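A.B. asks: Got a structure for you, written out below as structure tokens; questions coming shortly.
The values are calculated or read from the model by the stated rules, or taken from the named source; none is laboratory data. Just so you know, these numbers come straight off a predicted model, no measurement behind them. Note that we place each Cβ from the backbone using ideal geometry, even for glycine, and neighbour counts take in every protein chain shown. Side chains included, ligands, DNA and RNA excluded: accessible areas come from the protein's heavy atoms. Shrake-Rupley method; radii C 1.70, N 1.55, O 1.52, S 1.80 Å.
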Amino acid sequence: MSFANKVVIVTGASSGIGAATALMFAKEGANVALVARTQAKLAAVAKHVEALGRKALVIQADLSKEADTATVISKTIKYYGKLDVLVNNAGMASEGCLLDGKALQAYDDVMKTNVRAVIQLTSLAAPYLIQTKGNVVNVSSVAEMITCKIPTTFMLYAVSKAALGHFTRCAALELALSGVRVNSVSPGPVENEFITNNKLGNADDLLGKLVGFTAVGYIAKNDEIGRVILFLASDEARSITGSTYIIDNGCLLK
Ligand SMILES: NC(=O)c1ccc[n+]([C@@H]2O[C@H](COP(=O)([O-])OP(=O)(O)OC[C@H]3O[C@@H](n4cnc5c(N)ncnc54)[C@H](OP(=O)(O)O)[C@@H]3O)[C@@H](O)[C@H]2O)c1
């Protein structure tokens with residue numbers, strides 16, 4: 001899977017799946033644009049990319065803000081002159097449900113980052129992706145397909161991922177005849193900082209519980225999700241568009 005001389009934007013590249021995926025693209029020859037809010041963590045990932053002999057453009061942006069999000073594509077094009085792959089990976093969870101009075105706030109929070117920013121970025125990227133016959137990979141979650149393992153207080157996270165899944169299919173249809181593919185990856189639980197970053201509870205307690213959600217008793221690592229993202233972004237997946245690739249260690253089987 002060579003990405004030699006390709007330009008890849010990875011949002012949420014400061015940690016977890018995004019950081020691992022950006023490095024994997026760089027290992028395969030891509031130059032990357034790394035997007036997130038935390039400058040220091042982005043700079044650390046950029047150092048690793050540069051150590052591989054690839055270029056890394058750090059774009060500090062809060063994707064919940066339309067003005068910040070608008071800069072991502074323009075800065076990438078200004079620096080690299082083209083775009084081949086957009087990985088919409090940044091995501092967050094927010095607590096709120098019908099009976100705690102926080103549902104609307106949680107809805108606004110999750111939709112801004114997990115869906116609205118993805119729509120904005122995809123829309124701004126589309127003209128450039130058409131030029132390169134590039135593609136988009138969105139990072140969703142198995143939460144888009146189930147209710148039973150999602151704590152009620154995080155229902156709006158699941159709702160946002162369901163919206164992202166359907167956006168993937170609709171965008172794939174709109175861009176199909178322009179030669180741009182759009183797919184998504186739906187991980188089950190992944191061993192990384194998502195739990196602590198989103199204050200979902202005690203990481204050790206929760207990780208044990210999440211292992212029990214899987215059929216195989218194992219939780220995926222960041223690079224296992226990255227591998228699927230790279231496959232979907234590669235020419236080897238040229239016949240795949242509008243698809244959701246589940247990588248959940250059998251969560252949906254139970
Ligand atoms: N971990 C899991 O179990 C799991 C399972 C299924 C799906 N996912 C999905 O995987 C994706 C990546 O998450 P992860 O697991 O790698 O967790 P993570 O380590 O918490 O990564 C989330 C990334 O998103 C960025 N981000 C969050 N809000 C942002 C904002 N407003 N603007 C810009 N960047 C923002 C964070 O960077 P900054 O904080 O520096 O901005 C960070 O780089 C998410 O979409 C998540 O929903 C995760």
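A.B. asks: Could you rank the peptides 203-216, 49-62, 220-233 by their average count of other C-beta atoms within 10 Å per residue, with the highest value first?
C.D. replies: Most protected by this proxy first, the peptides run 220-233, 49-62, 203-216.
A.B. asks: Could you give each residue of region 202-215 its phi-based ³J(HN,Hα) in whole Hz, using Karplus coefficients 6.51, -1.76, 1.60 with θ = phi - 60°, and x for Gly or Pro?
C.D. replies: 5, 4, 5, 4, 5, 4, x, 5, 5, 4, x, 6, 7, 7
A.B. asks: Please list 3J(HN,Hα) in residue order for region 77-89, calculated via the Karplus relation 6.51 cos²θ - 1.76 cosθ + 1.60 where θ = phi - 60°; whole Hz, with x for glycine and proline.
C.D. replies: 5, 4, 7, 9, x, 6, 9, 10, 9, 10, 9, 8, 10
A.B. asks: With the calculation restricted to Cα positions, what are the radius of gyration and Dmax of region 7-249 in angstrom?
C.D. replies: So, for region 7-249, Rg and Dmax equal 17.0, 52 Å respectively.
A.B. asks: Residue farthest toward the positive end of the dipole of the chain, with Cβ of Lys/Arg at +1 and Asp/Glu at -1: which of Ala33, Gly208, Val139?
C.D. replies: Of the candidates, Ala33 comes out farthest on the positive side.
A.B. asks: Now for a separate question. Report the label-to-label distance for Ala44 and Gln120 in nanometres (one decimal), using points 7 Å from each Cα along the Cα→Cβ vector.
C.D. replies: With each label placed 7 Å out from Cα toward Cβ, I get 2.7 nm.
A.B. asks: Under a cut-off of 19 Å between alpha-carbon atoms, report the aspartates and glutamates in cross-link reach of Lys55, not counting same-chain residues fewer than 8 places apart.
C.D. replies: Once the sequence-local aspartates and glutamates are set aside, what remains near Lys55 is Glu28, Asp84.
A.B. asks: Would you list which aspartates and glutamates come within 17 Å of Lys65, measuring only between C-alpha atoms, while excluding same-chain residues fewer than 8 positions from it?
C.D. replies: Lys65 reaches Asp108, Asp109.
A.B. asks: Hey, which of these cross-link pairs are over 28 Å Cα-Cα: Lys41/Lys199; Lys75/Lys112; Lys161/Lys209; Lys102/Lys254; Lys78/Lys199; Lys41/Lys78?
C.D. replies: Lys102/Lys254; Lys78/Lys199
A.B. asks: Then there's this: For region 110-122, take each phi angle, set θ = phi - 60°, evaluate the Karplus expression 6.51 cos²θ - 1.76 cosθ + 1.60, and give the result in whole Hz per residue in order, putting x for glycine and proline.
C.D. replies: Result, ordered by residue: 6, 5, 4, 7, 7, 10, 4, 4, 5, 5, 4, 5, 5 Hz.
A.B. asks: At 1.4 Å probe size, with the rest of the protein present, what percent of the exposed accessible area of the chain is carbon and sulfur atoms?
C.D. replies: Roughly 55 percent of what the probe reaches on the chain is carbon or sulfur.
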